[in-house]
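S.K.: Please read through the structure below; I'll follow up with questions.
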Amino acid sequence: MKKIGIVMGSDSDLHVVSKAVDMLKELDVPYEVHIYSAHRTPEEAKDWARGARAAGIGAIIAAAGMAAHLAGAIAANTTLPVIGIPCKGSCFDGMDALLSTVMMPSGIPVATVAVDGAKNAAILAAEILAVTDEELAEKLESKRRTDAQAVLEKDRTIAAGL
Ligand code: RP5
């Protein structure tokens, strides 16, 4: 199976990214994790993105906050699908990172999830791999069924109790 490449701009993003790691673990999807910054270590970020396909990576998750150019800088250096997670920082409720991640120029796409939306980033990355992996596709279907059951159980509880 291809693996997911996860990169974050700083270890201060780890509390967000760990939710993506947890989701990939739950789905038994292999991954590798790095800290590279679009601004502080631009050469290392570029080199990793350029080597990602040859390293067996099938999709990339890139998380960053503030002037969050990491996902775009990675996407500029690979044609693998890149999923951006804008991370909420101390200002602007993450709007700075959201706009920096989502507003990509035509030709270099970044599939941007919600601010701090690490779990969805992992699910989307798994869905990309599942296009050619029936077993993973079935795991994703099963998770949908389980999640739906959890909602219906809450519905039964609230309907009975109010
Ligand atoms: C971004 O700047 C990082 O992704 C992080 O969200 C933010 C702050 O980084 P630190 O100053 O905490 O290392 O590049």
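S.K.: From the list A148, A160, A114, exactly one residue is within 16 Å of the ligand (Cβ to nearest atom), more than 25 Å from E43 (Cβ to Cβ), small (G, A, S) and surrounded by fewer than 19 Cβ atoms within 10 Å (Cβ to Cβ). Which is it? Please lay out each step first, then the result.
M.R.: Working: A148 fails: within 16 Å of the ligand (Cβ to nearest atom); A160 fails: within 16 Å of the ligand (Cβ to nearest atom).
Within the list A148, A160, A114, the selection yields A114.
S.K.: Another question, then. Going by what's in this entry, would A64 be described as open to solvent by less than 30 Å² (accessible area, probe 1.4 Å), within 12 Å of the ligand (Cβ to nearest atom), of a type in the set (G, A, S) and under 24 Å from K2 (Cβ atoms)? I'd like the intermediate steps shown before the answer.
M.R.: On the way: open to solvent by less than 30 Å² (accessible area, probe 1.4 Å): yes; within 12 Å of the ligand (Cβ to nearest atom): yes; of a type in the set (G, A, S): yes; under 24 Å from K2 (Cβ atoms): yes.
Judged against the criteria, A64 is a match.
S.K.: Criterion first (within 15 Å of the ligand (Cβ to nearest atom) and crowded, with 23+ Cβ neighbours inside 10 Å) does G9 satisfy it? Write out each step before concluding.
M.R.: Working: within 15 Å of the ligand (Cβ to nearest atom): yes; crowded, with 23+ Cβ neighbours inside 10 Å: yes.
In short, yes.
S.K.: Looking at (1) buried (at least 21 other Cβ atoms within 10 Å of the Cβ); (2) without any contact (Cβ under 8 Å) to a residue 60 or more places away in the chain; (3) closer than 15 Å to G5 by Cβ; (4) within 13 Å of the ligand (Cβ to nearest atom), find the lone condition where S100 falls short.
M.R.: (3)
S.K.: Output the residue which, of all residues in segment 122-140 that are open to solvent by less than 90 Å² (accessible area, probe 1.4 Å) and of a type in the set (V, I, T), is farthest from D22 (Cα to Cα).
M.R.: I128
S.K.: Return a yes/no flag: does segment 74-85 have any residue that is in contact with a strand residue (DSSP E or B) (Cβ under 9 Å, 6 or more places away or on another chain), more than 15 Å from the ligand (Cβ to nearest atom) and not aliphatic (A, V, I, L, M).
M.R.: yes
S.K.: Can you list residue pairs whose Cβ atoms sit under 9 Å apart, with the first residue in segment 137-162 being within 29 Å of K25 (Cα to Cα) and the second being in a helix (DSSP H, G or I) and of a type in the set (V, I, T)? Count only pairs 6 or more apart in sequence or on different chains.
M.R.: L140/I123; K143/I123
S.K.: Further, regarding this structure: Within the group K143, K88, K119, which residue is surrounded by 13 or more Cβ atoms within 10 Å (Cβ to Cβ), of a type in the set (D, E, K, R) and touching a strand residue (DSSP E or B) at 6+ places or on another chain (Cβ under 8 Å)?
M.R.: Values: K143 fails: touching a strand residue (DSSP E or B) at 6+ places or on another chain (Cβ under 8 Å); K119 fails: touching a strand residue (DSSP E or B) at 6+ places or on another chain (Cβ under 8 Å).
From the options K143, K88, K119, the qualifying one is K88.
S.K.: When segment 12-34 is examined, which residues are found to be within 16 Å of the ligand (Cβ to nearest atom) and farther than 22 Å from A114 by Cβ?
M.R.: Residue satisfying the conditions is H34 alone.
S.K.: Quick one: which of S106, S90 is modelled with pLDDT under 95 and of a type in the set (S, T, N, Q)?
M.R.: The unique qualifying residue is S90.
The values are calculated or read from the model by the stated rules, or taken from the named source; none is laboratory data. Note that this is a predicted model, so its numbers are computed, not measured. No Cβ is skipped: glycine too gets one built from the backbone with ideal geometry, and neighbour counts run over all protein chains shown. Remember, those area values only see protein heavy atoms, side chains included, never the ligands or the DNA or RNA. Shrake-Rupley method; radii C 1.70, N 1.55, O 1.52, S 1.80 Å.
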